[in-house]
Structures are given as structure tokens and as C-alpha cells.
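Undergrad: Dumping the structure here so I can ask a few things about it.
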Amino acid sequence: MANIIKQKMMALAGDQAVAYAAKQSDVDVVAAYPITPQTIIVEKFSEYVANGEVETEFVCTESEHSAMSASLAASVTGARAFTATASAGLALMHEMLFVTSGCRAPVVMAIANRALSAPLNIHGDHSDSMAQRDSGWIQMYAENSQEAYDSIIQAFKIGEDSNVLLPVMVGLDGFTLSHTLENVETLSDEVVQQFIGIRKIPNVLTHEDKQSPFRLDPKNPMTMGPIALQNYYFEFKRQQEEAMKNALEAIQDVNKNYGDLTGRKYGNGLVDAYNLKDAEVAAICLGSTAGTMKTIVDKLRKEGIKAGLLRIRTFRPFPSKAIKSALRNVKAIAVMDKSMSFGGNGGPAYHEIRHVLYDSESKPFIVNYIYGLGGRDTSPTQLRTIYDDLQQILKNQTIEEPIKYLGLRE
Amino acid sequence: MTAKEWKFTSKDIANKPDLFLSGHRACAGCAPATVLKLVMKATRGPTIVTEATGCMEVVSSIYPYTSWATPWLHTAFETAAANASGIEAALKIMKKKGRISKEHVDVIAIAGDGGTFDIGLQALSGAVERGHDFLFLLYDNEAYMNTGIQRSGGTPHGAATTTSPAGRAVPGKLEYKKPLADIMIAHDMEYVATASPYYWRDLITKVRKGLEVEGPAFLHVFAPCPRGWRSNPAKSIEYSKLAVETCVFPVWEAVNGEYKLSIPSKVLSLAPQRKKPVSDYLKGQGRFRHMFKPENKALLEEVQRITDKRWQKLLKKCNLP
């Protein structure tokens with residue numbers, strides 16, 4: 001830890017931290033459209049442009065659909081592209097998210113996570129990005145503004161890795177993080193740019209067996225985004241799965257290298273375990289909830305209860321191995337979902353964790369808590385009941401209610 | 001050399017290497033394919049093409065083959081103009097940062113009538129409002145041909161399509177063709193023009209003029225589709241001539257909003273007796289067959305009326321009597 005680089009403490013709301021990280025990452029093109037609670041990101045970035053603080057083409061598109069299309073097009077032209085959105089904006093991008101990952105364009109996008117309409121709600125939950133789970137994007141969720149800042153910088157490094165070449169979305173909880181001022185340790189522009197480097201365009205093999213840069217280059221004409229039918233489409237998709245697997249490695253490497261530089265590591269980059277080693281009961285969550293959960297775990301530990309927490313930082317690629325390993329000694333698990341999969345027997349994180357633990361030898365009890373939809377506040381007292389329930393389950397050796405709604409009027 | 005100074009012969013054009021190569025899978029008699037070939041003959045240097053989903057995208061890019069000898073990008077149906085925005089922005093900043101050579105690169109966005117009149121209109125309007133330097137090329141075959149001949153905002157009044165069939169109660173499409181080029185002029189564009197592949201010199205010159213504009217330019221090209229129009233594949237170019245001669249599709253250009261008829265249409269304004277009746281153009285096309293039934297006489301007359309009305313309106317805009 002002795003060689004940690006000198007950093008500057010700044011008071012930044014999550015959105016500002018994201019914009020600042022994008023600015024320092026020497027982004028070439030930002031194509032974006034305003035939507036609450038992401039708006040501060042584009043506003044802040046516009047200020048940087050207006051004041052000549054960045055060398056970036058800012059394309060103020062007429063919709064999120066065009067924002068993603070322009071980002072993708074800029075990226076395949078060879079530029080480093082960044083955008084940000086939330087909720088309905090992300091839903092409008094849906095079609096283009098698949099095209100972006102399919103074109104292997106490493107666009108980085110911040111998501112100020114927000115509920116989906118109807119009814120209209122501008123507050124934080126994970127419905128928006130969870131609905132894009134299968135779009136071929138790497139998905140990371142930040143616990144605080146510091147991590148939002150760090151993750152944006154890391155996202156460029158991860159996505160642009162020639163073994164990955166995938167777009168990355170970084171989620172920060174709407175309002176809870178996006179609009180809340182926190183102390184954020186920031187690096188200098190030079191250090192950030194040195195860490196990420198200028199975007200390297202990998203070469204690909206052409207039909208003439210020549211090496212050609214993988215971008216729209218008049219000197220090396222390439223057809224991008226073609227039609228591929230029954231005879232080739234499947235292979236394209238399989239390659240994307242391989243890239244996701246490679247991303248598991250890349251995320252861990254980047255987390256480690258960034259940690260060595262700054263002193264900040266987020267678990268192994270994929271999952272962040274808190275007091276899990278000897279834990280008997282554990283909760284699993286994504287995003288800012290982890291902050292509150294950690295204080296609850298501390299309290300429980302003082303009471304002699306072996307409680308732990310696992311925060312899933314990277315949801316796509318899903319870190320099955322890391323999760324399995326982290327939970328190997330836990331006897332009762334509560335998975336917390338800030339989104340719903342209607343008619344699907346629990347939330348998306350619950351589905352995946354149960355799936356991962358299906359063939360585990362320990363066969364822990366596993367339950368699901370849906371909470372905080374539409375920004376509904378979940379108090380520490382309510383959150384503590386999760387651990388109380390888990391202890392009860394252990395005591396009775398049975399689950400009475402596998403799926404519960406926390407802080408809901410019924 | 002500007003388009004005005006560019007004196008090209010048919011031999012020059014024939015000798016210029018193709019950027020849209022043969023071997024694509026377009027139908028026999030496909031005018032859009034001819035249009036694209038001609039359009040790419042008008043390029044003046046390095047050019048990146050981005051294309052909306054549609055017939056020409058599908059026939060030219062079937063993996064692992066391509067008809068494009070220039071960088072080409074397809075992403076979705078409604079995104080041609082948004083893609084052009086991203087490409088142009090990327091080129092601009094990468095040049096500024098010295099990541100690519102300073103040489104100018106033209107950007108052409110291509111879409112059919114579905115990708116322009118309908119699903120792509122918002123992205124097009126946005127990109128033009130933002131002033132990106134690109135040429136938007138609309139090849140208009142007047143329906144969603146790639147999905148099997150469904151009506152679009154570019155389908156003309158009376159035409160039978162699979163979603164506006166000529167039935168016992170409804171005789172084809174009841175609505176009128178959207179005046180798209182006029183809508184683009186309303187964006188205060190520097191250059192908007194219409195062209196038809198029969199008048200290939202006019203078409204090539206207009207493409208070049210559009211590329212020369214430092215900002216957005218829009219070119220609406222008429223492009224018969226024998227499959228969708230139920231017409232003889234050998235007559236696609238003939239129809240692209242008849243459409244002009246009947247004033248169904250006049251050719252003109254508007255520089256900074258100043259309308260000016262191009263010669264093939266100008267001739268008709270000077271010698272109105274040479275203007276042919278719309279039936280000359282409509283007959284022979286299966287999509288208009290029902291209009292020649294006695295019970296649909298009024299429909300045929302309506303097409304003549306609306307054609308005349310729009311022609312008169314255009315003459316007025318061109319300050320012609």
C-alpha cells in the first residue's frame with residue numbers, strides 16, 4: 001500500500017463523479033439525451049465542453065435511441081464513446097443495446113438506476129438495467145459515488161480489452177447515489193489517461209487473410225453490422241459469450257491494477273464479500289444498499305451473530321464461481337432484489353443465485369426479498385429483519401415464505 | 001473540383017471503379033441497386049456509408065460476402081442518420097486529436113422510404129437540426145419491399161400493397177404520399193434535391209453537390225421496384241422516366257430553400273403539352289391495376305388531380321407560371 005498515488009478529495013454527487021471520470025478518460029464522443037436522474041451527467045459534461053476543458057464531440061441527440069446509435073457508430077469508427085441514461089431512456093435504447101454488443105463496440109454507459117413506468121416514477125430501483133440483462137452488455141453496480149467514479153474509469157479499460165470488446169454499463173442508484181454529495185478521491189487526468197491509455201483498435205483477419213483494423217477505415221474498407229443468417233449468426237453469438245467469459249478475467253485484472261494504483265479494490269472486482277468467511281447467515285445485494293447492510297452486519301456481529309454480506313458488483317458476466325466460493329460456508333442466504341420479474345417466482349438476482357447454488361454441496365436455505373421499488377425507503381430496522389428471518393429459518397430448518405416484500409403495504 | 005466544374009462523360013463514369021459491387025442479391029430489374037451503383041460513382045474521395053435496414057442493406061451485406069468496397073455500417077432500421085452523426089463526430093474529433101489522417105472523409109447515410117418517411121424520420125430530423133456533415137440518400141421504392149410490400153408514408157395514393165390491398169370496400173391506399181423533400185427544406189437545409197435514375201447524369205451531379213455541402217444534404221431518389229410494383233423488371237428505368245414525364249415525380253433541387261426545376265422537369269414547365277397523363281405511368285403497374293376498373297374511375301381522376309395540384313404548387317415555388 002506504500003506506493004499508492006496521491007489523490008485529490010472532491011465533494012461530488014454520483015452523477016458528477018461519473019461525468020468527471022468520463023472527462024478524465026479522454027472520451028472522444030459523448031452522444032446523450034437528458035433523463036432524470038442521469039441529467040446531471042450530461043449537464044456537467046456539457047459544461048466541460050462549453051468551457052473547453054475536454055476534447056470531446058458532444059452530440060446532443062433527439063432521443064436515447066439515437067444516442068446509443070450514434071455512440072455505437074462513433075465507437076466502430078474508432079472513437080472512445082460514452083453515454084448515460086436511466087429508466088425509460090434505457091428501455092428506448094433496448095434495440096440498440098443488442099446491436100452495440102453484437103457489433104463489439106466498447107461503449108461505456110452510466111445508468112442512474114431508476115424505476116420503469118407505469119405508474120411514472122423517477123426514483124431509484126434496478127428495473128431498468130435488469131430488463132437489459134441479456135443485451136450482451138457487461139453490467140456493474142456501484143455501492144457509492146467513489147465506486148461510480150472508479151468504475152467508469154475501469155469500464156473503458158475492461159470494455160476495450162481486445163479479448164473482451166464489449167460495451168459496459170455502470171449502474172449507480174438513482175438519487176441515492178446520483179444526487180448525493182460524497183467525498184470522492186480523484187486521480188489526476190494524467191494518471192487516469194495513463195491507466196486507460198489511448199484506445200487501441202485490434203486487428204482482425206480479412207477475407208484476403210490480411211490484418212485490418214477493426215473499425216470503419218477508408219484505407220481498409222470493412223462491412224460492419226452485416227446480415228448473417230442461419231449459417232453464421234449462431235457463431236457470432238457464441239463469440240459474444242466467449243468475450244463475456246474473458247471479461248471475468250479482465251474485470252479482476254483491472255480491479256487489481258487499479259487497486260494497486262489507488263488503494264481501492266472492490267472485492268475481486270466481481271463480488272465484494274463482507275464478513276463472509278465464518279458467516280452462517282448472509283444477505284446478497286447490489287448497489288448502494290450494501291452500505292447500510294454493512295452497518296447492520298457490524299451490529300449483528302457485536303451481538304455475536306455470525307452475519308455476512310455479499311455484494312454483487314458485476315452482474316454480467318455473472319460471477320458464478322466467485323459467488324459459489326464466497327458462499328460455501330453460509331447456511332442461510334437472503335437475496336435482495338430491487339426489481340421484479342413478474343410471474344417469475346422472485347427477482348432476477350434471486351434466480352441467478354439459486355441457479356448457481358443448485359449443485360452446491362452445502363445446500364443452503366435461500367430466500368428472496370423484493371424491496372425499494374420506485375425509490376421506497378427501506379430503513380435499517382426493516383433491513384435487519386432479513387437477518388432475523390434467516391436465523392429463524394436456521395432454527396426451524398424450514399422456509400415458510402421463500403419470497404417476501406420488504407417495506408410494502410399489503 | 002466542384003460539381004459545377006465536374007465535366008464527366010459516360011466513359012468516365014464507366015471507368016471509375018465501383019464502390020457498390022455487382023454480385024449482390026437484388027432482384028432482376030431492381031432500380032434501387034442501380035441507384036446505389038450510380039450514387040457511389042459520384043464520390044469524390046474517402047467515403048463511409050451507413051445504411052438503414054432494408055432491401056439494399058440485406059442484398060449487399062449477406063455474411064460472409066459484401067458488395068461494399070468502402071467502409072460500411074448497418075445497425076438498425078431507424079438509425080441511418082443517427083449513425084451518420086456518430087461517424088461524423090468520431091471522424092472530426094479523431095482528426096483533431098491526430099488519431100487519423102486529416103484527409104476529408106464523406107459520410108453517406110442511405111435508407112429506403114420506410115427508413116426515411118416513417119421509422120427513421122425522427123433521427124433524420126435530429127441529425128439535420130444538429131448540422132452534421134453528411135448526405136442522406138433516400139431510395140424511394142414506395143413501400144416496405146423487404147418485408148413483403150407493405151404501405152409506407154411514401155406509398156402513393158391508390159397504390160395496392162399488402163397492408164393497403166385493393167379490396168371490394170377500399171381501393172388501395174387512401175392516404176397521400178408525404179411531401180418529404182419539402183419537410184427537409186423546412187429544416188433550412190442548404191441542399192435538398194430529387195432525382196430519378198433514368199436521368200443518371202442529373203442524379204450523379206446531385207449526389208456530388210450534396211457531398212460538397214459542409215453540413216447536411218438530402219437527396220430523394222425515385223427507385224422503381226418491379227417485385228413490389230408488379231411491373232415488368234425490364235421497365236424499371238422506363239418507369240423512372242415516365243414518373244418524371246407525368247410529373248408524378250418531378251426532379252428539382254433547392255439550394256438554401258430556393259426551388260429550381262432540373263432540366264427534365266423544366267422542359268415540361270416550358271412545354272406543358274409534353275406533360276403526359278398519369279395513366280401512362282400507372283398502367284402496366286400491377287399495384288395500380290384496380291384503378292383502371294370502371295368503378296374506380298374517380299380514383300384515377302383523383303391521382304391526376306393531386307399530381308397536377310402538386311406540380312402547380314412546385315411551379316409556384318420555382319417562380320414559374
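A short reminder: the numbers here are calculations on the coordinates, not readings from a lab. As the structure is a prediction and not an experimental result, all values here were calculated from the model. For neighbour counting, all protein chains shown are included, and Cβ atoms are generated from backbone atoms with ideal geometry for every residue, glycine included.
Undergrad: Angle check, please: helix A:348-357 long axis (alpha carbons) against the longest principal axis of chain A (alpha carbons), in degrees 0 to 90, nearest 10.
TA: 70 degrees
Undergrad: Could I ask something else about it? For every other residue with a beta carbon closer than 11 angstrom to the beta carbon of A:Glu53, add +1 if it is Lys or Arg and -1 if Asp or Glu, then tell me the sum. List each step's numbers first, then the result.
TA: On the way: positive: A:Lys23, A:Lys44; negative: A:Glu47, A:Glu55, A:Asp189.
Combined, the nearby Lys, Arg, Asp and Glu give -1.
Undergrad: Now, a different point. Too long at a 23 Å Cα-Cα cut-off: which of A:Lys277/A:Lys395; B:Lys7/B:Lys178; A:Lys210/B:Lys96; B:Lys16/B:Lys96; A:Lys277/A:Lys338? Spell out each step's value before the answer.
TA: On the way: A:Lys277/A:Lys395 21 Å; B:Lys7/B:Lys178 35 Å; A:Lys210/B:Lys96 29 Å; B:Lys16/B:Lys96 31 Å; A:Lys277/A:Lys338 26 Å.
Flagged as over cut-off: B:Lys7/B:Lys178; A:Lys210/B:Lys96; B:Lys16/B:Lys96; A:Lys277/A:Lys338.
Undergrad: Going through the cross-link list B:Lys4/B:Lys206; A:Lys237/B:Lys37; B:Lys235/B:Lys276; B:Lys276/B:Lys313; A:Lys157/A:Lys265, which pairs have a Cα-Cα distance over 21 Å in this structure? Let's see the in-between values first.
TA: Working: B:Lys4/B:Lys206 10 Å; A:Lys237/B:Lys37 32 Å; B:Lys235/B:Lys276 17 Å; B:Lys276/B:Lys313 18 Å; A:Lys157/A:Lys265 15 Å.
Where the Cα-Cα span goes over 21 Å, the pairs concerned are A:Lys237/B:Lys37.
Undergrad: Now, a different point. Summing Lys, Arg as +1 and Asp, Glu as -1, what charge do residues with Cβ under 9 Å from the Cβ of A:Asn275 carry, A:Asn275 excluded?
TA: Working: positive: A:Lys277, A:Lys294, A:Arg301, A:Lys306; negative: A:Asp278, A:Asp298.
Its environment carries a net charge of +2.
Undergrad: Take every residue in peptide B:31-37, count the Cβ atoms of other chains within 10 Å of its Cβ, and give the average of those counts.
TA: Numbers: counts 0, 0, 0, 0, 0, 0, 0.
Mean number of neighbouring Cβ atoms from other chains: 0.
Undergrad: Can you give the average number of partner chain beta-carbon atoms within 10 Å of each beta-carbon in peptide B:56-68, as a whole number? Show your work: numbers first, answer last.
TA: Working: counts 0, 3, 3, 1, 3, 6, 7, 10, 6, 3, 6, 1, 5.
Mean partner-chain Cβ count within 10 Å for B:56-68: 4.
Undergrad: Given only helices, namely DSSP H runs of n ≥ 4 each adding -39500 (n - 2.57), what is the per-residue ellipticity at 222 nm of chain A, to the nearest 500 deg cm²/dmol?
TA: On the way: 12 runs with 159 residues, N = 410.
Theoretical 222 nm ellipticity from helices: -12500 deg cm²/dmol.
Undergrad: I would also like to ask the following. Sort A:346-355, B:204-213, B:233-242 by the packing proxy (mean of other Cβ within 10 Å over each peptide's residues), most packed first. Could you put the intermediate results ahead of the total?
TA: Details: A:346-355: 20.8, B:204-213: 22.9, B:233-242: 18.8.
Highest-to-lowest ranking by the protection proxy: B:204-213, A:346-355, B:233-242.
Undergrad: Net charge around B:Val244, counting only other residues with Cβ within less than 12 Å of its Cβ (Lys, Arg = +1; Asp, Glu = -1)?
TA: Numbers: positive: B:Lys241, B:Lys266, B:Arg274, B:Lys275, B:Lys276; negative: B:Asp202, B:Glu238, B:Glu245, B:Asp280.
Cβ neighbours under 12 Å give a net charge of +1.
Undergrad: State the antiparallel share, in %, of DSSP beta bridges confined to the stretch A:271-406, rounding to the nearest 5.
TA: Values: 4 of 23 bridges.
Counting only bridges with both partners in the stretch A:271-406, antiparallel ones make up about 15 percent.
Undergrad: Normalised by the residues of chain A, what does the relative contact order come to in percent, with Cα pairs under 8 Å and at least six apart? Walk me through the numbers on the way to the answer.
TA: On the way: 860 pairs, mean separation 64.7, N = 410.
Computed value for chain A: 16 percent relative contact order.
Undergrad: With 5 Å bins from zero, work out the P(r) of the stretch A:309-349 over every alpha carbon pair and list the percent per bin.
TA: Bin by bin from 0 Å, the calculated values are 5, 18, 26, 26, 18, 6, 0.
Undergrad: Among B:Ile110, B:Ile149, B:Ile263, which one moves the most in a GNM of chain B with springs linking Cα atoms closer than 10 Å?
TA: Most flexible of the set in this elastic network: B:Ile263.
Undergrad: Using θ = phi - 60° and the Karplus form 6.51 cos²θ - 1.76 cosθ + 1.60, what ³J(HN,Hα) does each residue of the stretch A:176-192 get, whole Hz, x for Gly and Pro?
TA: 3, 10, 4, 10, 9, 6, 9, 6, 10, 6, 10, 8, 7, 3, 4, 5, 4
Undergrad: Could you work out which residue, out of B:Ala127, B:Ala90, B:Ala81, moves most in a Gaussian network model of chain B, that is, has the largest mean-square fluctuation with Cα springs under 10 Å?
TA: For chain B, modelled as a Gaussian network with Cα springs under 10 Å, the answer is B:Ala90.
Undergrad: Collect residues whose amide H, placed 1.01 Å from N in the peptide plane, falls under 5 Å from the amide H of A:Ser288; neighbours closer than 5 in sequence don't count.
TA: Placed amide hydrogens put A:Asp173 under 5 Å from A:Ser288.
Undergrad: Using the 10 angstrom Cβ neighbour count as an exposure proxy, how do A:Thr314, B:Thr66, B:Thr163 rank, fewest first?
TA: By the 10 Å Cβ count, ascending: B:Thr163, B:Thr66, A:Thr314.
Undergrad: Here is a follow-up. With the cut-off at 1.5 for a/c, could you classify the stretch A:320-400 from its C-alpha gyration tensor as rounded, prolate or oblate?
TA: Numbers: a/c = 1.85, a/b = 1.26, b/c = 1.47.
Oblate is the answer for the stretch A:320-400, as a/c is 1.5 or above yet b/c matches or exceeds a/b.
Undergrad: Against the empirical 2.2 N^0.38 Å scaling, what ratio does the C-alpha Rg of the stretch B:21-317 come to? Numbers along the way, then the final one.
TA: On the way: Rg = 18.9 Å, N = 297, 2.2 N^0.38 = 19.1 Å.
It is 0.98.
Undergrad: Hey, another quick one. If we restrict to alpha carbons, what Rg and Dmax does the protein assembly as shown come to, in Å?
TA: 29.5, 101
Undergrad: Roughly how crowded by other chains is peptide B:42-52, in terms of the mean Cβ count from those chains within 10 Å of each of its Cβ atoms? Could you put the intermediate results ahead of the total?
TA: Working: counts 0, 0, 0, 1, 4, 2, 6, 3, 7, 1, 0.
Average neighbour count from other chains, rounded to a whole number: 2.
Undergrad: So, one more: Among DSSP beta bridges whose residues both lie in the protein assembly as shown, state the antiparallel percentage, nearest 5.
TA: Values: 27 of 93 bridges.
Around 30 percent antiparallel, to the nearest 5.
Undergrad: Under 5 Å between amide hydrogens, which residues at least 5 positions from B:Ala166 or on another chain qualify, with H placed 1.01 Å from N in the peptide plane?
TA: Residues meeting the amide H criterion: B:Thr161, B:Gly172.
Undergrad: Ok, one more. Among DSSP beta bridges whose residues both lie in chain B, state the antiparallel percentage, nearest 5. Spell out each step's value before the answer.
TA: On the way: 11 of 35 bridges.
Counting DSSP beta bridges with both partners in chain B, the antiparallel share is about 30 percent.
Undergrad: Hey, another quick one. Helix A:145-160 versus the longest principal axis of chain A: what is the Cα-based angle in degrees, 0 to 90, to the nearest 10?
TA: 50 degrees
Undergrad: With an 8 Å cut-off on Cα pairs and a minimum separation of 6 or more residues, tell me the relative contact order of the stretch B:21-317 in percent.
TA: On the way: 586 pairs, mean separation 50.0, N = 297.
Here the relative contact order equals 17 percent.
Undergrad: Let me know the volume per residue of the alpha-carbon convex hull for the stretch A:271-406, in Å³. Intermediate values should be presented prior to the final figure.
TA: Values: hull volume 13.8 nm³, N = 136.
Considering the Cα atoms of the stretch A:271-406, their hull volume per residue is 102 Å³.
Undergrad: Near the amide H of A:Met10, under 5 Å away, which other amide H atoms are found, from residues 5 or more places off or on another chain, if H is placed in the peptide plane?
TA: Counting only residues 5 or more places away or on other chains, the set is A:Val184, A:Glu185, A:Thr186.
Undergrad: Rounded to whole Å and ordered largest first, report the semi-axes of the equivalent ellipsoid of chain A derived from its Cα gyration tensor (root of 5λ). If you can, show how the numbers build up before the last one.
TA: Numbers: eigenvalues 252, 111, 87 Å².
The three semi-axes for chain A are 35, 24, 21 Å.
Undergrad: Now for a separate question. Please arrange A:Glu143, A:Glu190, A:Glu361 by counting, for each residue, the other beta carbons lying within 10 Å of its beta carbon, fewest first. Don't skip to the answer; put the middle values down first.
TA: Numbers: A:Glu143 24, A:Glu190 9, A:Glu361 5.
The order, fewest Cβ neighbours first, is A:Glu361, A:Glu190, A:Glu143.
Undergrad: Starting from a Cα-only point model with no solvent, please compute log10 I(q)/I(0) by Debye for the stretch B:164-272 at q = 0.09, 0.16, 0.18, 0.21 1/Å.
TA: With one equal scatterer per Cα and no solvent, log10 I(q)/I(0) is -0.28, -0.81, -0.96, -1.15.
Undergrad: If you fit an axis through the alpha-carbon atoms of helix A:233-262 and take the longest principal axis of the Cα set of chain A, what angle between them do you get, 0 to 90°, nearest 10?
TA: Long axis of A:233-262 versus the principal axis of chain A: about 80 degrees.
Undergrad: Evaluate E = 1/(1 + (r/R0)^6) for A:Lys321 and A:Asp388, where r is the Cβ-Cβ distance and R0 equals 30 Å; express this FRET efficiency to the nearest 0.05.
TA: Details: r = 30 Å, r/R0 = 1.02.
The pair A:Lys321/A:Asp388 has a calculated efficiency of 0.50.
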